[in-house]
């Protein structure tokens, strides 16, 4: 998601250094006075006795999703009756999640019916092992999120200005603690303060509340409710955890993946526990093929960003251009453009019809030959 969502992805709560040494990988318990190493399996066994377990992530970190899958498998072995909630899906795509778990959709059909590229716009291969785990074990998947237009409307006008019929069933969030307000104020300032601080906080809390409500419906009924959610919503229990407690879900556990470089700076209370991700040789990622970020606005696919030095910039594409057609076919969804770009071999040309202001023109993107 874009706008308010993209800002929250960047939230990082600073740690206070405690100087403890960390193993190359493994679990740390964070719910005492100081972080402490814990035997493998002990912390997960504790979490399996909760009503809700929240597993954090940085969305683009592949090892975070591998850790989530490992932890899900351990929890499922202890609590086979389980539901898995995903921040990545808005509530309206719940029927597609149900069909997927029942085995009624192929992967391409599932991604199309959930409008993955438009809604989450993150490489699907990062999350597919989690989705396949749910399908193989017939574990219900739950859509935790709301439409982007709701959080955008709250950010623009404030919670009280949104008619109840447009709130997607989300109830008024519990008030944010001062520590959360201070952190959101910092993030708001760093990103230009395009909305009022109050509205920014209310939009963030609307998001937290929506995910908490979806999980709370399954808490305490015998099944373990697991949330796959960005860590910014989970740290210190200020976000989704606070809203769950307000909704009556008392037995909530939070586990986070952390990089080893952060390990010596972890603070007790950040979560119930953290898994230290082992270091791995860095691989330079390949450059983006076209080099643009897309957004869908009123049925039009617009270039939200054009990366400096990218093929798109060298070709003459600009931020704000609307892609009307690609390879002679109309473009009304981001997935249509993404699929066309991915399918073209190296060394071929892609004609694009773009609208820039009131003018429509054609630009030809020439993909370089394979090296």
Do we find that residue 56 is within 16 Å of residue 274 (Cβ to Cβ), within 20 Å of the chain's Cα centre (by Cα) and surrounded by 21 or more Cβ atoms within 10 Å (Cβ to Cβ) in this structure? yes
Of the candidates 121, 145, the one satisfying the condition of being modelled with pLDDT under 95, within 21 Å of the chain's Cα centre (by Cα) and within 17 Å of residue 230 (Cα to Cα) is 121
The range 33-131: helices (runs of 4 or more DSSP H) wholly inside it with 3 or more residues that are over 24 Å from residue 293 (Cβ atoms) are 42-47, 62-78, 94-101
When restricted to 260, 314, 302, the only residue under 30 Å from residue 149 (Cα atoms) and surrounded by fewer than 21 Cβ atoms within 10 Å (Cβ to Cβ) is 302
The lone condition residue 160 fails out of (1) farther than 25 Å from residue 111 by Cα; (2) assigned to a helix (DSSP H, G or I); (3) modelled with pLDDT under 95 is (3)
If we keep only residues of the range 138-149 that are more than 16 Å from residue 110 (Cβ to Cβ) and in contact (Cβ under 8 Å) with a residue 40 or more places away in the chain, then the residue surrounded by the fewest Cβ atoms within 10 Å (Cβ to Cβ) is 147
(1) at pLDDT 90 or above; (2) closer than 30 Å to residue 30 by Cα all hold for residue 361 apart from (2)
Exercise for the section: Kindly indicate whether residue 319 is in a loop (DSSP other than H, G, I, E, B), in contact with a strand residue (DSSP E or B) (Cβ under 7 Å, 6 or more places away or on another chain) and assigned by TED's automatic domain parsing to the domain that holds residue 299. Expected result: yes
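The values are calculated or read from the model by the stated rules, or taken from the named source; none is laboratory data. Worth saying up front: this structure is predicted, and the values here are computed from it rather than measured. Here the Cβ is made from the backbone with ideal geometry for all residues, glycine too, and neighbour counts use every protein chain on show.
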